[in-house]
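Working notes, structure below.
The values are calculated or read from the model by the stated rules, or taken from the named source; none is laboratory data. Owing to the predicted nature of the structure, the values given are computational and were not obtained by experimental measurement. Because the Cβ atoms are built from the backbone with ideal geometry, glycine has one as well, and the counts that use them run over all protein chains shown.
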Amino acid sequence: MTIDAEPYAFEFEPTKCALLIIDMQRDFLEPGGFGEMLGNDVSQLRRTIAPNQRLLAAWRAAGLQVLHTREGHRPDLTDLPPAKKIRGRSATCIGDAGPMGRILVRGEAGHDIIAELYPLPTEPVIDKPGKGAFFATDLHAILQNRGITQLVVTGVTTEVCVNTTVREANDRGYDCLVPADCVGSYFPEFQEMGLKMIKAQGGIFGWVSDSEKILAALS
Ligand code: C5J
């Protein structure tokens, strides 16, 4: 089965392909959250919610594997590098009190996944301290144990955690397909370039398509 994609068709093997939804967390997406507090336009991310919902529903209906990630840190911040803590020189930073609890701290309301895409109890949630989902997590082990060789990667943000994860996955031998309408950036130019970087040079990191094409293949 193939999915129309760039730079060329993606050879889709459903039972070996997991849907990996990156960091669809309240603090990044909801009005009043950390992302908006930093001056970002959350509508740029919120447009990804509906296509992700459709893809997630189809993935679940087909009985295929789904995993979610959350970026965040232990409440005692022992896994927060000092360089990450002070980056940005913001008055309010990771670990401080924010609009939805302590910012990017596990267990806080803002750290959790938005209700629209809430994980089922059977779907692994990978808590990651970095931008890439493979760094300091058991994601690779879980995928290997489940026989996964392909990933459909969605979520936010395109140029940060999605791109970092796709690059990490590529280096570990996974084929990654990114539906453009299911990933989002606060910055339109980074959305465009983040996707171009993935599919450039013959798909140097992976493939880019859109959710409708993946849904068509699934049905
Ligand atoms: C960021 C992310 N942008 N999930 N995190 O800090 O992309």
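Residue-by-condition table, conditions (1) part of a loop (DSSP other than H, G, I, E, B); (2) of a type in the set (A, V, I, L, M):
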site	(1), (2)
45	no, yes
54	no, no
64	yes, yes
76	yes, no
116	no, no
126	no, yes
137	yes, no
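Remark: pairs (first residue in the stretch 191-219, under 16 Å from residue 4 (Cα atoms); second residue at pLDDT 95 or above and among the basic types (Lys, Arg); Cβ separation under 6 Å; 6+ apart in sequence or on different chains) = 208/199. Scanning the stretch 53-72 for residues that are in contact with an Asp or Glu (Cβ under 8 Å, 6 or more places away or on another chain) and more than 20 Å from residue 142 (Cβ to Cβ) gives a single hit, 53. Of the residues 127, 171, 138, the single one that is of a type in the set (D, E, K, R) and within 16 Å of the ligand (Cβ to nearest atom) is 127.
Of 208, 153, all but one fail to be outside any loop (DSSP other than H, G, I, E, B), β-branched (Val, Ile, Thr), under 16 Å from the mean Cα position of the chain (by Cα) and over 14 Å from residue 22 (Cβ atoms); the exception is 208. Screening residue 122 against (1) in contact (Cβ under 8 Å) with a residue 12 or more places away in the chain; (2) hydroxyl-bearing (Ser, Thr, Tyr); (3) away from the ligand (no atom under 16 Å from the Cβ); (4) within 12 Å of residue 67 (Cα to Cα) leaves a single unmet condition, (1).
Could you please find all residues in the stretch 16-28 being more than 10 Å from the ligand (Cβ to nearest atom) and either free of Cβ contacts under 8 Å to residues at least 40 places away in the same chain or outside any strand (DSSP E or B) (or both)?
Answer for the stretch 16-28, where residues must be more than 10 Å from the ligand (Cβ to nearest atom) and either free of Cβ contacts under 8 Å to residues at least 40 places away in the same chain or outside any strand (DSSP E or B) (or both): 16, 26.
Of all the criteria given as (1) without any contact (Cβ under 8 Å) to a residue 24 or more places away in the chain; (2) within 16 Å of the ligand (Cβ to nearest atom), the one not satisfied by residue 145 is (2).
Conditions (1) among the aromatic types (Phe, Trp, Tyr); (2) buried (at least 20 other Cβ atoms within 10 Å of the Cβ); (3) at pLDDT 95 or above, marked per residue:
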{"residue": "130", "(1), (2), (3)": "no, no, yes"}
{"residue": "142", "(1), (2), (3)": "no, no, yes"}
{"residue": "155", "(1), (2), (3)": "no, yes, yes"}
{"residue": "164", "(1), (2), (3)": "no, no, yes"}
{"residue": "190", "(1), (2), (3)": "yes, no, yes"}
{"residue": "207", "(1), (2), (3)": "yes, yes, yes"}
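Being acidic (Asp, Glu), over 16 Å from residue 179 (Cβ atoms) and loosely packed, with under 15 Cβ neighbours inside 10 Å, is that true of even one residue in the stretch 34-49? Scanning the stretch 34-49 turns up at least one residue that is acidic (Asp, Glu), over 16 Å from residue 179 (Cβ atoms) and loosely packed, with under 15 Cβ neighbours inside 10 Å.
Looking across the stretch 94-105, the residues that are without any contact (Cβ under 8 Å) to a residue 40 or more places away in the chain, in a strand (DSSP E or B) and more than 30 Å from residue 57 (Cα to Cα) come down to 97, 102.
Just one of the listed residues (91, 83) is surrounded by fewer than 18 Cβ atoms within 10 Å (Cβ to Cβ) and not in a loop (DSSP other than H, G, I, E, B), and it is 83. Taken together, 39, 32 contain a single residue that is modelled with pLDDT under 95 and either in contact with a Gly (Cβ under 6 Å, 6 or more places away or on another chain) or more than 16 Å from the ligand (Cβ to nearest atom) (or both), which is 32.
Just one of the numbered conditions (1) of a type outside the set (A, V, I, L, M, F, W, C); (2) more than 17 Å from the chain's Cα centre (by Cα); (3) within 16 Å of the ligand (Cβ to nearest atom) is not true of residue 52: (2).
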